[in-house]
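Colleague: Here you go, one structure.
The values are calculated or read from the model by the stated rules, or taken from the named source; none is laboratory data. Keep in mind that this is a model prediction, so the values were computed, not measured. Positions of Cβ are backbone-derived with ideal geometry, glycine not excepted, and every protein chain shown enters the neighbour counts. Please note that ligands, DNA and RNA were not included when accessible areas were found on the heavy atoms of the full protein model with its side chains. Shrake-Rupley method; radii C 1.70, N 1.55, O 1.52, S 1.80 Å.
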Amino acid sequence: MSDYVVRPITDAECRPTLNLLIRSLNGVPVTDESWALISGSWAADGRTGAFHGEEPIGIASSFGTELTVPGGAAVPMGAVDGVGVRADWTRRGVLTAMMDFQLRDFVERGYAVAGLHASEAVIYGRFGYGVATRSATYQVHHPARFREGVAAPGRTRLLSAEEAIETIPALYQRIGAHRAGMIARPEKWWPIQFDRSFTRDGGSWRLAVHSGPGGDDGFALFRNVPQNSYLDPDHGAALEVRDFHAASPEAEAGLWRFLLSVDLMEVVNVRGRPVDDPIGLLLDNPRRAATVRVDDELWLRLIDVRAALAARAYGSAEPVVLEVDDRMLPENRGRYRVGGTGVERTDADADLVLDVDTLAMLYLGAWQAGPLALAGRITGASAETLARVDALFGTGQPPWSGTHF
Ligand SMILES: CC(C)(COP(=O)(O)OP(=O)(O)OC[C@H]1O[C@@H](n2cnc3c(N)ncnc32)[C@H](O)[C@@H]1OP(=O)(O)O)[C@@H](O)C(=O)NCCC(=O)NCCS
């Protein structure tokens, strides 16, 4: 018998388990001031703890949201927004027990999928999560000028922190989760992930809003980071940008134009953007914009494989029969016929075999089947089948999430 139990946390256990989480991620416990800001959004619902007696030793936290899938439908998703095990309890199966409990909880809540952002890439595959979107970090070196003729007719203005906190949630909702991989941001997401930006880092974060012909249509959170030092006196300041969303290509270009117009900057660093961000194309010298990193972004787990597969749209090709294995949710095991006309369970012979984590990698269109087969993640498939999988699951636009949690 194990010397700990895994169970939902109580309201009184919210702050201690949050502190446990923060410490596991190398942070320091929340101050009273910070707790006052976020406690309303950090309620017990959706949070699973591991306890040795009364003492918390692990936390796996989540909130409910919706994920946009290819074709534009939204499916219910459990967003795992914090996982940590106390340093003196690691590698004794605590995370495994919490994941087991949490996945069952997600089944009961009727989520079709679960998603998370991983601190390390080796942790979550064993629990059925696969990398379903990737995001890019761009570095634009000045002088960076727009090409003549780039359409960006709008105007960008700065908001105060209070204005940003009041107006940006509605703007995000209006912009909409328009790309596969994007999620709805529930009310409790904002105080923790957005509002706190304005009290962190010495109050250096600012918010730019873009307005086009139809009103506000994009925003970007940014700050100036002075980089002058006696070691490198010529090294100028950097503009650091995150949480950059726009409703249209014109709004996107308009925000870029603004970010590149801020004076006294040597470089603009933008994290967490789609891998197909157009910035290089917008500049007269494309080499001024370098893609410095592409990282795994949203890790996805299909909780109800049939419902998740049925929710998305497919390209036009003959159906494929997938044989799916799922160690932790065995009710998902079996064969699925997937095609443009629908998805059904079947006894027909399988065209290919894969685990549920690999299916998550295909699900939003981030990866092609050939490299997944090369990596041993897809087996039993002919070249023709792999091409058919790409024709069915491929999306013209790479998926992107764009929301940290
Ligand atoms: C990551 C973390 C939650 C793992 O918790 P844990 O209780 O040690 O995990 P488990 O004991 O259940 O490990 C399950 C398996 O995953 C492996 N594993 C777990 N964490 C790992 C890591 N960081 N690197 C490599 N392997 C890891 C274990 O070795 C074990 O493998 P096995 O089944 O072959 O024996 C814990 O190390 C932690 O809190 N890390 C710091 C905070 C963090 O990174 N949290 C995740 C945020 S997304």
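Colleague: Leaving out ligands and nucleic acids, note down the accessible area per residue over the chain with a 1.4 angstrom probe, in whole Å².
Modeller: Computed with neighbouring chains in place, this is 46 Å² per residue.
Colleague: Another question, then. Can you bin the range 305-393 into rounded, prolate or oblate? Criterion: square roots of the alpha carbon gyration tensor eigenvalues sorted a ≥ b ≥ c, rounded for a/c under 1.5, prolate for a/b above b/c, oblate for the rest.
Modeller: Rounded, since a/c falls under 1.5.
Colleague: Just in the range 137-182: which trypsin sites (Lys or Arg not before Pro) are loop by DSSP and have at most 16 other Cβ atoms within 10 Å?
Modeller: Counting only loop positions with at most 16 other Cβ atoms within 10 Å, the trypsin sites (Lys or Arg not before Pro) in the range 137-182 are Arg145, Arg147.
Colleague: How large are Rg and Dmax for the chain when only the alpha carbon atoms are used, in Å?
Modeller: Taking only Cα atoms of the chain, I get Rg and Dmax of 22.6, 71 Å.
Colleague: Then there is this: So, counting K/R as plus one and D/E as minus one, what does the shell of residues with Cβ under 14 Å around Glu120 add up to?
Modeller: Cβ neighbours under 14 Å give a net charge of 0.
Colleague: Also: What number, rounded to the nearest 500 deg cm²/dmol, is the helix-based mean residue ellipticity at 222 nm of the chain, given -39500 (n - 2.57) per DSSP H run of at least four residues and division by all its residues?
Modeller: That calculation yields -7000 deg cm²/dmol at 222 nm.
Colleague: Same structure again: How much accessible surface does His210 have with a 1.4 Å probe, in Å² rounded to 10?
Modeller: The accessible area of His210 comes to roughly 10 Å².
Colleague: If I compute solvent accessible area with a 1.4 Å probe over the protein chains, what percent of it on the range 136-296 is carbon and sulfur?
Modeller: 49
Colleague: Considering only protein heavy atoms and a 1.4 Å probe, what is the carbon-and-sulfur percentage of the accessible area of the range 67-133?
Modeller: Ligands and nucleic acids excluded, carbon and sulfur give 50 percent.
Colleague: Separate question: By its C-alpha gyration tensor, with a ≥ b ≥ c as the square roots of the eigenvalues, how is the range 5-111 shaped: rounded for a/c under 1.5, else prolate for a/b larger than b/c, else oblate?
Modeller: Cα axes put the range 5-111 in the oblate bin.
Colleague: Just to verify a number: what accessible area does Thr395 come out at with the full protein assembly present, 1.4 Å probe, Å² rounded to tens?
Modeller: The accessible area of Thr395 comes to roughly 40 Å².
Colleague: Within 10 Å of each candidate Cβ there may be at most 11 other Cβ atoms; applying that plus a DSSP loop requirement, which GluC sites (Glu not before Pro) in the range 5-56 survive?
Modeller: Glu54
Colleague: Next question, about the same structure. So, in Å, what gap is there between the alpha-carbon centers of the range 108-131 and the range 244-294?
Modeller: 30
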